[in-house]
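The values are calculated or read from the model by the stated rules, or taken from the named source; none is laboratory data. All values reported here derive from a predicted model rather than from experimental measurement. Methodologically, a virtual Cβ is constructed for each residue, glycine included, from the backbone with ideal geometry; neighbour enumeration extends over all protein chains shown. To get the accessible areas, we keep the full protein, side chains included, count just its heavy atoms, and leave off ligands, DNA and RNA. Shrake-Rupley method; radii C 1.70, N 1.55, O 1.52, S 1.80 Å.
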Amino acid sequence: MSEQSKGGRIRSGRRRKQPARGRRAVTVAAWGAAALVVVGGSGLGYVYFKLDGNLKSVDINAQLGTDRPKNVDNGSMDILVLGSDSRSGDNGAYGKDEGGARSDTAMVLHVYEGHKKASVVSIPRDTLVDRPSCTDEKGTAIAGERRAMFNTAYEVGGPACAVKTVESISGIRMDHYIEVDFTGFKKLIDKLGGVEITTTKAIKDSKSHLDLAPGTHTLDGEQSLGLVRTRKSVGDGSDLGRIQLQQAFMKAFIDQVKDVGVFTNPKKLLDIADTATKAITPDSELDSVNELMGFAQGLSGLGAEDVHMVTMPVEYDPADPNRVVPLEAQSRQVWQALKSDRPIPASATKDAATGQADGVVGPPATASE
């Protein structure tokens, strides 16, 4: 039996050699689940109550009911990670609050059986999809819509509608959901001491308040947020280019979290744990520190080199160059590979639009290579 039954919680099974604590931290930080980096550690028993009180969850299963893809028990795990662009509260500094939020970033994290490898599929926010009908948090029925932008699912129906839309597109049941907002992301990066990256070209974006010359930079929370939101100033100016920056940033983040020393500094560990558990909104099966610990431990063997990142294959919409539409055959290849717990074939993304921002951002080592 594998460590994870699909749809269930991670259980103990055969144990392989445990990675160093720093490596364990690397794992979870990668996914906007970055917040979970600390709860994968030890020595937090005396603050469980405080940290549990920080967590606010959503009951995805109750809202979606039984109208979902089959729960395939093949030892893999699928998690939808959303970055919310709500402009309410502290997030108001990033734009006008128009009464709703959209999923600024959406990634499906597939952890393969054995939890030694993973794939990440980014879904462009501007993708035109057939959004299914769903029910929001208040029980209100939300009508479906043809050729709707993907990120409107979250706007009109919240997390459950976003999950249902992803399940409709992919045919894969999501085992978990984790949401991170702008402010929480920024604060977490600052608590971790920043992220070092290398830029091969200048990035200057007035909307995201980012101004970076070519070279190596240690980005604070504000700059990191600016980087993952930058769009017009890189590549072809599309959301696809922004996704390439986000994926490069995640790679750098994974490689560097192990160096921040949180496990040798109890105060820093607690500060990060407090910030992290306030930064995320998980599903109701991950709404306690104990559950998050189990989740983190199940991912603890993954490093940057173990994660394959792609974007859902799309092309620019012939009717509107500001939107993209899925390449049906190639997208089916991606989702079928994950459903079957197989690697995503290179042929699936060969002819897809890219955003032309690949290589603009990389880890520090690329500066001297």
Seminar exercise, completed: Checked region 134-157 for anything out of contact with any Ser or Thr (no Cβ under 8 Å at 6 or more places or on another chain) and modelled with pLDDT of 95 or more; matches are ARG146, ARG147, ALA148
Exercise. Looking at (1) at pLDDT 80 or above; (2) surrounded by fewer than 24 Cβ atoms within 10 Å (Cβ to Cβ); (3) of a type in the set (S, T, N, Q), which is the one condition that is false for SER300?
Worked result: (1)
Exercise. So which residues in region 223-249 are under 15 Å from THR199 (Cβ atoms), assigned to a loop (DSSP other than H, G, I, E, B) and of a type in the set (Gly, Ala, Ser), if there are any at all?
Worked result: SER233, GLY235
Problem set entry | Count of region 135-158 residues which are in contact with a Cys (Cβ under 8 Å, 6 or more places away or on another chain), in contact (Cβ under 8 Å) with a residue 60 or more places away in the chain and either open to solvent by less than 10 Å² (accessible area, probe 1.4 Å) or under 30 Å from GLY226 (Cβ atoms) (or both) | 1
Exercise. If we scan region 333-352, do we find a residue that is free of Cβ contacts under 8 Å to residues at least 40 places away in the same chain, β-branched (Val, Ile, Thr) and either within 30 Å of ALA62 (Cβ to Cβ) or assigned to a loop (DSSP other than H, G, I, E, B) (or both)?
Worked result: yes
Problem set entry | Every residue from region 278-297 that is touching an Asp or Glu at 6+ places or on another chain (Cβ under 8 Å) and either surrounded by 23 or more Cβ atoms within 10 Å (Cβ to Cβ) or assigned to a helix (DSSP H, G or I) (or both) | ALA279, ILE280, PRO282, ASP283, SER284, GLU285, VAL289, GLU291
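State the number of residues belonging to region 321-344 that are open to solvent by less than 50 Å² (accessible area, probe 1.4 Å) and among the acidic types (Asp, Glu). Give the steps one after another, and end with the answer.
Narrowing region 321-344 to residues open to solvent by less than 50 Å² (accessible area, probe 1.4 Å): 324-327, 330-331, 334-335, 337-338, 340-341, 344.
From what is left, the residues that are among the acidic types (Asp, Glu) are 341.
Number satisfying all stated conditions: 1.
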Problem set entry | Inter-residue pairs, beta-carbon under 7 Å, first open to solvent by less than 40 Å² (accessible area, probe 1.4 Å) and in region 225-236, second of a type in the set (Gly, Ala, Ser) and at pLDDT 85 or above, 6+ apart | VAL234/GLY241; VAL234/ALA357
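So, HIS176, is that one at pLDDT below 90 and of a type outside the set (Lys, Arg) or not?
Values: at pLDDT below 90: no; of a type outside the set (Lys, Arg): yes.
So HIS176 does not fit the description; no.
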Exercise. Taking the stated definitions as given, is ALA319 closer than 28 Å to THR230 by Cα and over 20 Å from the mean Cα position of the chain (by Cα)?
Worked result: yes
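Among the residues of region 159-210, what is the count of those that are assigned to a helix (DSSP H, G or I), open to solvent by 30 Å² or more (accessible area, probe 1.4 Å) and either without any contact (Cβ under 8 Å) to a residue 12 or more places away in the chain or not basic (Lys, Arg) (or both)? Lay out the reasoning, then the answer.
Filtering region 159-210 for residues assigned to a helix (DSSP H, G or I) gives 159-170, 182-192.
After this cut, where a residue has to be open to solvent by 30 Å² or more (accessible area, probe 1.4 Å) as well, the list is 164, 168-169, 185-187, 190-191.
This time we only want the ones that are either without any contact (Cβ under 8 Å) to a residue 12 or more places away in the chain or not basic (Lys, Arg) (or both), so: 168-169, 185, 190.
Number of matching residues: 4.
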